[in-house]
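Chemist: Dumping the structure here so I can ask a few things about it.
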Amino acid sequence: MTVLYFAWVKDKIGKSSETFALPGDVTTVGELAGWLAQQSAAHASAFAEPRLVRAAVNQDHADSDHPVADGDEVAFFPPVTGG
Amino acid sequence: MIRIQREDFDVGTETAALAEGDTGVGGLCVFVGTVRGEVPAMTLEHYPGMTERQLEAIEAEARRRWPLSDVRIIHRIGRLEAGERIVLVAAASAHREAAFRATEFLIDWLKTKAPFWKCEHKAGGDVWVDARDSDEQATLKWR
């Protein structure tokens, strides 16, 4: 699975993407965020306030209960601020 | 038509090109967003791929809601100085009401759905802009 990070989520984690095998017990966006938060202190800091982090699965906005599967492109980012 | 680009755009050129030659058009409305002077400069980051996908969906939704002859969304990325243009949204229709309402809808939805992020370059350092509740409220009125 490929995970992309943007804006301050990217800054806190220190990289813009990473690829790994999805653990078998991770089936939703929320569970993936929880698993990522345990990977390092930097990840923990990026996911410290779940309500501030939004997600997309395969380039569509996704809630925390949205399913994820190996092969999906998942992204985590702050609420958008364009326009 | 959507476009994401680093370079500036000319408002007159873009307005003239909107539904050019379409004699069914009775009015067009244009909104241009700019960098306020209180910010020395900012950098616009985006999510390539998802941005195009979301802007195309926003255009499609506007066309579904109103009888539009043409739609244009242009959003800049990269570093922008105070006073520079950031975004243009425009809609053309047979009558003004659809053009006005669709243009407001386009910018309201863009602000809460298109994956762009502003990082302001201030004297004290770089600051990622927080999303505004008022933008979220503006989107909700289009439900």
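Nothing in this text is a laboratory measurement; each read-out follows from the coordinates by a stated rule. Predicted model, so just to flag it, every value in this text is computed and none were measured. Here the Cβ is made from the backbone with ideal geometry for all residues, glycine too, and neighbour counts use every protein chain on show.
Chemist: List, largest first, the extents of the alpha carbons of chain B along their principal axes, each in whole Å.
Modeler: Per principal axis, max minus min of the Cα coordinates gives 52, 33, 28 Å.
Chemist: Continuing with this model, one more query. Under 37 °C and 0.692 mPa s, how fast does chain A diffuse according to Stokes-Einstein, given a Kirkwood radius computed over C-alpha pairs? Answer in µm²/s, whole number.
Modeler: Values: Rh = 12.5 Å.
The estimated diffusion coefficient comes to 262 µm²/s.
Chemist: How long, wide and thick is the stretch B:77-143, going by the Cα atoms along their three principal axes, in whole angstroms, largest first?
Modeler: 48, 24, 17
Chemist: I've got another one for you. Over the Cα atoms of the protein assembly as shown, what radius of gyration and what Dmax do you get, in Å?
Modeler: Computed over the Cα atoms of the protein assembly as shown, radius of gyration and Dmax are 19.0, 61 Å.
Chemist: How high is the relative contact order of chain A, given as a whole-number percent (alpha carbon pairs under 8 Å, six or more residues apart)? Can you show the working numbers first?
Modeler: On the way: 141 pairs, mean separation 33.5, N = 83.
In percent, rounded to a whole number, it is 40.
Chemist: Label B:Arg64 and A:Ala44 with points 7 Å out from Cα along Cα→Cβ: what is the distance between them in nm?
Modeler: 4.4
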